[in-house]
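Written below as structure tokens is the structure these notes are about.
Where a number appears in this text, it was derived from the coordinates with a stated rule and is not lab data. The structure displayed is predicted, hence computed values, not measured ones. Heads up, the Cβs are rebuilt from the backbone with ideal geometry, glycines too, and the neighbour counts pull from every protein chain shown.
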Amino acid sequence: MTTELAQLELLAHIDDLVSQLSAWSEQASSWDPAQHGKSLVRRLLKRIEPLRARVEAPLVVATFGGTGVGKSSLVNALVGEEISTAGRQRPTTTQPIVLAHPQTDLSAYDLPLGELRVVTRDIPLLRDIVLIDCPDPDTTEGESVESNLARLHRLLPFCDVLLYVSTQQKYRSARVTDELLQAASGCRLVFVQTHADLDEDIRDDWRTQLSARYSVSDLFFVDSRRAMQEQQSGVRPTGEFGRLIDLLFRELSAAQRVRIRRANLLGLVHEVVQRARDALVENSATVEKLNTALSEQRHRSTERMASRLQDELLVSRGLWEQRLLGQITQLWGYSPFASVLRLWHSQASLLASYTLMRAKSTAQMALVGLVHGSRWLTSRSQASEADRRLEGIATLGLNDAELREAQLIISGHVHAAKLQRPLLADQSFDQLRQAATTVQDEFLTDAARRIDDLILAIATRHSYWFTRFRYELLFAILPGFLLYRAGRNFFYDTFWLNKPHLDANFYIPAALFLVLWAALFVMAFTRRLRSGLTRHIRELAQQLAAVKMGAGLFPEIEHQCLEYSQERDRLEALLIKIEGIRDQYAGASELGAVKS
Amino acid sequence: MSDGSSNALATAGSRLDSGSAASVGALRQMGQRIRQLSESLVRLESAARPLQLPPLDGREWFDLLQRKLLPQLNDDAYLIVAVVGGTNIGKSVVFNHIAGFRASASSPLASGTKHPVALIPQGFDESHDLSAIFPSFELRPWSSGDEALLDIPAHCMFWRSHDRVPSNLVILDTPDVDSDAPVNWQRADAVRQAADVLVAVLTQQKYNDAAVKQFFRKAAMEDKAAIIVFNQVELPDDEEYWPIWLNTFCRETGLNPEYVYLAPNNRKAAEAIALEFEERIWKPGDAPQLPGASRPGSIAIPNGTTSRVSLASALSQMHFAEIKLRTLRGSLQFVLNPDTGVQAYLNEIQARSRQFHEAAGVFLRRSMVQHADWPVPPNSLLVNEMWAWWSDHREAWTAGVHGFYSRISGVLRNGVQAVRIRLGYVPADAIAEYREREWDAIVRVLQQLYEQLQIITKLNNPLLTERLESLLSGTTCEGLLSRLHADHERFDFHTLVHELVTGEMEWLRTERQPLFELLRKFDGATAVFRPVITIGFALGGGIGAEHFLMDAATQTLTHLAVDSTVAVATTAAGEAAVDATAGLMGQAKASLLRLHQKFKQRREVWLLEQIRHHFLGDLLTDLEAGATISRSATCQDVTRLLNELVNQIKQQETP
């Protein structure tokens, strides 16, 4: 019961894995390596579908090896009958032979039965397995459809276990070892050296050669001729051949089918996912470069905008004064000096609005204030859209040449990072300009907010009671004195002393002096306001340059970079999961396999 | 090709039986030309390096030239016999049997023999330079049979002399041609190229292996003489199979063996160097027979048991001169074959050179820059410069008058300027503005260039693509932009303008003398009337405005200023000047246009140079070099020598 449960659990794991993989592979990506990995995984899924469907069917065991190593003789000796022609001329086997039990339903395997010769025999060995005698991989030069190599390649996807057969002459043949490396993924392996009657035992050297890439537990050194004689005389083969048959019965029994197929499947999935992951990792460096270039680009444009903003702010001192005075009169209310300031501010505002009409710089707008400024910016971006070719307007920072430079650099990086081209081609220069407007808009909104804050802070600092009291008191001296003179003259001198009223000779100079007095104070105060302004502006520009913008000039590419690392992480997670399942259910096996 | 030529050469060989000595002499005559060909090929290769073709070394025909033709053309007739075949099929056993003692170690493990072993006749090393015969190997004297098994990276050849070796044979044991150690294949290839006779060791397992067939197919194309030894044969069972094997093998490879031997599968005898080779007689084209059927066509006659001496004695009985001639000619044919030899290499160079030419065309097209709308240089700058030149070339008294007024108005203007700046006015810098506009144009040109490069990347050959890829990378682009920008910021427009304007004015002075004289007269007239004008303006309350008017006049050449002076000047110069004055404005405009054009031209040239210098650099030089290679003298040298050799061969074959 518990094993059955474990079995079900494993199947559930594999189902889950497959669905995750197919979800990943269906998701389109703009990155060439990712796209390549996805199509690889889609192929894999197609291939493992029949593997999952026939998980309970008898295992498909196929011979694999160079021509003349005795594949057919081995198969014949295994079944004890001369079924596959074992010949002396090369290659002997061109039509592959499938040996199965009469009760085995071969149609479930989806084999290319048209080009196979099917032989059914009711013998114990075939109850558990389907045996295929494959053609050789090493007589073919230039793979055509009819060649032995092509025939072999068509059969390999159906095989669960390969009997890798070799001889003293052929165990280091480059062609065969190369082909085995291709064939062995998704298969268990059994290693057999034949011609024991003629050749010397080279299994130790062979094991050394194989161990680099395969996990090898056992190697057999068999004499198919003698085994055949034994089989035909009704004796169970002895010696190495007997051991081989034992292994086949023991390790490839019905009970082991699911385990072997699962191990094959996981091995195959692991290899493919690993390859897809490796492709992504290999390309990461260039993507990282692209990412760095993007953030550098972003930083550079922020810096440029900040420095130009600073230049313009430093020039627009008059506007600063306006904003500060407005803020201060708001804070001070209607005290005498405040009223004078208000009067001064309102007349200056007239001038300011005049300046606004002719304003050339967005920095000035930012200074004018958030509400007005953004309204103005919007109208301005519309205007610039209407007149795209208008160049050289003193915008905050990013002129066409700079945008083009950025585009050139980023497009180089995009190319190297293997991001699919259409993405960048789609981002036309107009779109880039649009993006630049958005970036500037964001920057300016931020700048305007900071300027507002700065102005409020400066205004508050100049509005402490001591400062106010000092200015109000000192300012009040002249108006107080004049009031006193006029009052005394009216209420006292004319009533009691019958002196004449003060005439124009007094009031005209008094008014004149009052105006001069007020002007003096206003000048002194604005001078006070201006002190330290340059420092404040520089600080502000520094802060702005350090700000990380929400979006850069290439939002789509930035998004893709993020997606790339997500793809990679996802594959990494999948790989860990596959390894987890593989290790969790790995049992001891006497079969060989590709090392991972 | 192999079949036809081998047949042709077989007949040539039979004909040469009588006159082979004469033909050997004829071949020797070619030695000088072949040496020249080889030398000029090496020169061509180094000249063609920009084309990045695969090296000559490793090309079959060039290896033949180096390893076969050059060392052996002028030498005495000795034969190089090499035992070759797949791994672990008993090459060393066969070799030891030919030698008669254990000269090369045999091992039950595959890929055992790593280095060739050479057996030479006594005294051969004194009369011959072995390293010249085998230029691809490091020759080391033999000390034991196990040396050939050493796994070291150097291509070694172990040699020893032995009195049993016939006086004109060099016998070689070679590494395998099919194992998982590709370095063994390379060494086997090098031996094959040098060899005259190949002892092909085959087994029933390997005679139809792809790697083995490929090796011997090359040997057949080079017309090597072959002795086939089927090793590990099960006799008498295999008696009916070996003709089938042999037929398949010869059909697949085109090889035509001189002798065929069967060696029985007897490990003990093999170890003891006591194998008995049995000779078989076989004719090419014997129909393969099904085993078991009667074999009327096959002439496989068991020759009884021949002694082990037979293999060595068969070698010594060979027609040395004939075989030597045959293999030399085979190699020469291969080298001169238009599909496989020198001509193929020349064609490769031509094709690649053409590609380079096309690619270079794209870069060299100047229209690349002209497509961009280049900005017009600031007129004020040009006119100021012209004015400055004019001032420098005034006659003394007018210079005095004008200079006096310029100084006054200069002082006035500076004052006004200072006040305006004080009021927050930012003076426009014409050059800075132009610089900015020009940079914009440069970036657009670069963008176009990049687009073109990307198109080339997609269309052209992979090696150009590889170089372009690195040029197109973001980092390169960033570097280019920053360097170019720095250079552009540094560029001195004043000097350029000065140079151009001086040239233009000098040209006007010499080529348009009447006009120039007229202008001079106008200038003189204005000098006369200048005090009057100034007084008039002063009375009107506009002190300083006069200068601004003059300034405006010079800067824009408005009709106003010119008209007022023309009115004065015509009276001074007379009626004759009227026609000339009508063209004055046109002349001024034409002058400015010319200056614009020249300016633009100069800037474009500057940009092209910068792009070359900072960006395309070596690529462009390489492209140009590559494009001209196919027309170079070295290339023509090779073609000439090749044609001479081909003609010489033809002449020898016709009589």
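Determine ³J(HN,Hα), in whole Hz, for all residues of the range A:292-299 in sequence, where each value follows from phi through the Karplus function 6.51 cos²θ - 1.76 cosθ + 1.60 and θ = phi - 60°; x replaces Gly and Pro.
3J(HN,Hα) across the range A:292-299, in whole Hz: 4, 4, 5, 6, 4, 4, 5, 4.
What FRET efficiency comes out for the pair B:K650/B:N74, r = Cβ-Cβ distance, R0 = 25 Å, nearest 0.05?
Working from the Cβ atoms, E equals 0.65.
Report, in whole Å, the centroid distance computed from the Cα atoms of the range B:437-514 and the range A:83-152.
Centre-to-centre (Cα) distance: 68 Å.
Could you give the Stokes-Einstein D for the range A:500-596 in µm² per second, using the C-alpha Kirkwood radius, 10 °C, 1.306 mPa s? Before the final figure, lay out the partial values.
Working: Rh = 22.7 Å.
Roughly 70 µm²/s, to the nearest whole number.
Quick one: check the C-alpha center-to-center distance for the range B:612-655 versus the range A:323-339, whole angstrom.
Between the Cα centres of the range B:612-655 and the range A:323-339 lies a distance of 90 Å.
For the range A:554-596 and the range B:106-184, what is the separation of their Cα centres, given in Å?
Each part reduced to its Cα centre gives a spacing of 51 Å.
Under a point spin-label approximation (7 Å from Cα along Cα-to-Cβ), what is the A:Q274-A:D197 distance to one decimal in nm?
Simple spin-label model gives 4.1 nm for this pair.
Residues of B:245-254, mean number of Cβ from any other protein chain within 10 Å of their own Cβ, rounded to a whole number? Please list the in-between numbers first.
Working: counts 3, 0, 1, 4, 1, 0, 0, 2, 0, 0.
Other-chain Cβ atoms within 10 Å of each residue's Cβ, averaged: 1.
Multiplying the sequence separation of B:A154 and B:E358 by 0.36 nm and subtracting their Cα-Cα distance, what value in nm do you get?
69.2 nm
Treat each spin label as a single point 7 Å out from the Cα along the C-beta direction, and report the B:R267 to B:R102 distance in nm.
For B:R267 paired with B:R102, the spin-label model returns 1.6 nm.
Using the Kirkwood formula on the Cα atoms of the range A:178-251, what hydrodynamic radius do you get, in angstrom to one decimal?
Values: mean 1/r = 0.0734 Å⁻¹.
Kirkwood hydrodynamic radius for the range A:178-251: 13.6 Å.
What percent do you get for the relative contact order of chain A when only Cα pairs under 8 Å and 6+ apart count?
Relative contact order comes out at 19 percent.
Quick check on the range A:62-158: what are the equivalent-ellipsoid semi-axes from the Cα gyration tensor, as sqrt(5λ), descending, whole Å?
Numbers: eigenvalues 98, 55, 17 Å².
Ellipsoid semi-axes (Å, largest first): 22, 17, 9.
Putting +1 on Lys and Arg Cβ atoms and -1 on Asp and Glu Cβ atoms, find which of B:H155, B:V201, B:P121 reaches farthest to the positive end of the dipole of the range B:75-319.
Positive-most Cα among the choices belongs to B:V201.
Over the alpha-carbon set of the range A:14-113, divide Rg by the Kirkwood Rh and report the Rg/Rh ratio to two decimals.
1.15
Provide the gained length on full extension for the span B:N379 to B:H613, in nm with one decimal, where the gain is 0.36 nm per separating residue minus the Cα-Cα distance.
81.2 nm
Among the listed pairs A:K170/B:K114; B:K68/B:K224; B:K114/B:K268; B:K218/B:K324, which have their C-alpha atoms separated by more than 21 angstrom in this model?
As for pairs spanning more than 21 Å Cα to Cα, those are B:K114/B:K268.
For the pair A:A23 and A:R250, what calculated FRET efficiency results from E = 1/(1 + (r/R0)^6), where r is the Cβ-Cβ distance and R0 = 41 Å, to the nearest 0.05?
0.55
List the residues whose amide H sits under 5 Å from the amide H of B:L79, counting only those 5 or more places along or on another chain, with H placed 1.01 Å from N in the peptide plane.
HN-HN under 5 Å from B:L79: B:L169, B:V170.
For chain A, what number results from the quotient of the Cα radius of gyration and 2.2 N^0.38 Å?
Taking the Cα Rg and dividing by 2.2 N^0.38 Å, one obtains 1.79.
For the range A:139-187, just say rounded, prolate or oblate: build the C-alpha gyration tensor, square-root its eigenvalues into a ≥ b ≥ c, call rounded for a/c under 1.5, and beyond that prolate if a/b exceeds b/c, oblate if not.
oblate
Report, in listed order, any pair from A:K71/B:K206; A:K71/B:K213; A:K289/B:K600 with a Cα-Cα distance greater than 26 Å.
Pairs exceeding the cut-off: A:K289/B:K600.
Largest first and in whole Å, what are the equivalent-ellipsoid semi-axes of the range A:31-252 based on the Cα gyration tensor, each being the root of 5 times an eigenvalue?
In descending order the semi-axes read 27, 22, 17 Å.
Would you grab the residues whose amide H sits under 5 Å from the one on B:A225? Only those 5+ places off in sequence or on another chain, please, with H modelled 1.01 Å from N.
B:L198
Given R₀ = 51 Å, FRET efficiency for A:E56-B:T621 by Cβ-Cβ distance, to 0.05?
So, using R0 = 51 Å, E works out to roughly 0.15.
Please state, as a whole number in µm²/s, the translational diffusion coefficient that the Stokes-Einstein equation yields for the range B:75-319 at 10 °C and 1.306 mPa s, with Rh defined as the Kirkwood radius across alpha carbon pairs. Display every interim value, and only then the final one.
Details: Rh = 18.0 Å.
Rounded, D is 88 µm²/s.
Take every Cα pair under 8 Å in the range B:75-319 that's 6+ residues apart, average their separations, divide by the length, and report that relative contact order as a whole percent.
20 percent
Output the relative contact order of the range A:144-290, whole-number percent, from Cα pairs under 8 angstrom with separation of 6+ residues.
Relative CO of the range A:144-290 lands at 22 percent.
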